[in-house]
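A.B. asks: Pasting a structure here, questions to come.
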Amino acid sequence: MIEQLFGSKTRVKLLYLFYSNPNRAFYVREITRKIDEQINSVRRELANLLSIGIVSSENNNNRLYYEVNQKYEYFVPLASIFGDSVKGDVSVAQTTSGAVEVNPIKSIGNIEIAIYTGQFTRDESSGIDLLIVGDLNTSKLANYVEELEKKEGKAIRYSVMPLSEFVYRRQVNDRFLSNVLLAKKQVLIDKQQLLEKLHSTKKEE
């Protein structure tokens, strides 16, 4: 049904990919690998989405990156269709068939916060690519990062801390944590809406 409404299977997969990964930028070959479609079909649909304004593009290090345009006038209704059913980087093929894949990061422990930044969002001001807050199984964490590095084809810089340390660092305006939270990021998990509360507090100030 959704494929019929939106014109093509490739277009629907792209919409799921972009709207379930806001603030995340992808280059063409990375996209074809993630949604398992032919590169010519991907290029054609990206051109369509770009012309409409649903996605934006930027050239960085001789690569053309695409990401969802959050200023697009219909961003919110499209996000309610393609973004609310998933959180974070999931298998688009499974999503479009109706079976949402559970985010594998949840299997490594009791996670309060998990965010992508750095290489994932092309904002190096954070100094890291992944922040995880919570009580974790160290061996499962190592396996998760190893699998993520294989999947992304690059080394992942990550930082882990318990919730008590996160709260303390926020209270003392720790420079490292402040840089991470101010950087462009994709929120994978925010169990207690702590990041939303921090954002609301900052706006009130």
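A.B. asks: Can you list residue pairs whose Cβ atoms sit under 6 Å apart, with the first residue in the stretch 15-42 being in a helix (DSSP H, G or I) and the second being exposed (fewer than 15 other Cβ atoms within 10 Å of the Cβ)? Count only pairs 6 or more apart in sequence or on different chains.
C.D. replies: Filtered contacts from the stretch 15-42: Thr32/Ile39.
A.B. asks: Can we say Lys106 is modelled with pLDDT under 95, farther than 22 Å from Gly83 by Cβ and among the basic types (Lys, Arg)?
C.D. replies: Working: modelled with pLDDT under 95: yes; farther than 22 Å from Gly83 by Cβ: no; among the basic types (Lys, Arg): yes.
Considered against the rule, which asks whether it is modelled with pLDDT under 95, farther than 22 Å from Gly83 by Cβ and among the basic types (Lys, Arg), Lys106 comes out as no.
A.B. asks: Do we have any residue at all in the stretch 54-74 that's at pLDDT 90 or above, in a helix (DSSP H, G or I) and of a type outside the set (S, T, N, Q)?
C.D. replies: Looking for residues that are at pLDDT 90 or above, in a helix (DSSP H, G or I) and of a type outside the set (S, T, N, Q), one finds none in the stretch 54-74, hence no.
A.B. asks: Moving on. For residues that are charged (D, E, K, R) and in a loop (DSSP other than H, G, I, E, B), scanning just the stretch 154-191, find the one that is nearest to Gly109 (Cα to Cα). Before you say what the answer is, go through the steps one by one.
C.D. replies: The initial filter retains those residues of the stretch 154-191 that are charged (D, E, K, R), namely 154, 157, 165, 169-170, 174-175, 184-185, 190-191.
Among the residues that remain, those that are also in a loop (DSSP other than H, G, I, E, B) are: 154, 157, 174, 184-185, 191.
Values: Lys154: 24, Arg157: 19, Asp174: 25, Lys184: 25, Lys185: 21, Lys191: 13 Å.
That would be Lys191.
The values are calculated or read from the model by the stated rules, or taken from the named source; none is laboratory data. Not measured: the values here are computed from a predicted model. A quick note on method: Cβ atoms are made from the backbone with ideal geometry, for glycine too, and the neighbour counts reach across all protein chains shown.
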